[in-house]
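Heads up: the structure comes next, in structure tokens.
The values are calculated or read from the model by the stated rules, or taken from the named source; none is laboratory data. Note that the coordinates shown come from a computational prediction; the quantities given were computed from them, not determined experimentally. Cβ placement follows ideal geometry from the backbone for every residue including glycine, while neighbour counts extend to all protein chains displayed.
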């Protein structure tokens, strides 16, 4: 996977826009994540001075065009494709990453034991391998009647879309695999969570 793909059409448009600025060589295209829309990252593109970047921000180069990505956003947009659409006219970001990891597919085969044992198996075999790609982990706290209580850690602790991961991912997987389970409750202390970031500062596009 390339770090970032920029089509020829997008490159030509951005270079054209940059050429209209005073001291265009001092400006870069900035790709930033401004929030979430549903289960996707909402990305914005702009032209700003290159020297406005923070020390840990990442600078990519597409030909002679520098592209700045905030350190906190790099993993969220890695592998994205920037393109130009003539109709209606504008730059677009096709981003393969989502705030919540996909937990689709059938339940793990050959589940056995009581409810607690089967819930533990689903977390170990289906849930945690999926959310590990986002740096997260789900731990079973307890099962009380139809309710499963879990604690999230790693990249899922303090994440703005942890509720999406819980409802659309973890709860769906557990309810599908263990019929006795009707809902999942998150007991994580999200206020104390920390988010990892990519530490390399300078990269080149292939």
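Taking the condition of being at pLDDT 90 or above and within 23 Å of residue 109 (Cβ to Cβ), how many residues in the range 140-170 meet it? Within the range 140-170, residues that are at pLDDT 90 or above and within 23 Å of residue 109 (Cβ to Cβ) number 4.
Taken together, the residues in the range 100-118 that are surrounded by 17 or more Cβ atoms within 10 Å (Cβ to Cβ), modelled with pLDDT of 90 or more and touching a helix residue (DSSP H, G or I) at 6+ places or on another chain (Cβ under 6 Å) amount to 0. For the range 1-33, enumerate the residues that are out of contact with any helix residue (DSSP H, G or I) (no Cβ under 7 Å at 6 or more places or on another chain), under 23 Å from residue 95 (Cβ atoms) and assigned to a helix (DSSP H, G or I). Correct list: 8, 9, 10, 11, 12, 13, 14, 15, 17. Would a scan of the range 126-133 turn up a residue that is under 16 Å from residue 174 (Cβ atoms), modelled with pLDDT of 85 or more and out of contact with any strand residue (DSSP E or B) (no Cβ under 9 Å at 6 or more places or on another chain)? Yes - at least one qualifying residue is present in the range 126-133. Take the conditions free of Cβ contacts under 8 Å to residues at least 40 places away in the same chain and either in a loop (DSSP other than H, G, I, E, B) or surrounded by fewer than 17 Cβ atoms within 10 Å (Cβ to Cβ) (or both) and apply them to residue 138. Does it pass? Here the answer is no, as residue 138 does not meet what is asked. Checked against the criterion of being surrounded by 14 or more Cβ atoms within 10 Å (Cβ to Cβ), farther than 30 Å from residue 174 by Cα and touching a helix residue (DSSP H, G or I) at 6+ places or on another chain (Cβ under 6 Å), the candidates 81, 56 yield just one match: 56.
Of the residues 90, 35, the single one that is modelled with pLDDT under 90 and in the same structural domain as residue 8 (by TED's automatic domain parsing) is 35.
Looking at the range 2-22, is at least one residue closer than 30 Å to residue 162 by Cα, surrounded by 17 or more Cβ atoms within 10 Å (Cβ to Cβ) and modelled with pLDDT under 95? Taking every residue of the range 2-22 in turn, at least one turns out to be closer than 30 Å to residue 162 by Cα, surrounded by 17 or more Cβ atoms within 10 Å (Cβ to Cβ) and modelled with pLDDT under 95. Of all the criteria given as (1) under 28 Å from residue 25 (Cβ atoms); (2) free of Cβ contacts under 8 Å to residues at least 40 places away in the same chain, the one not satisfied by residue 71 is (2).
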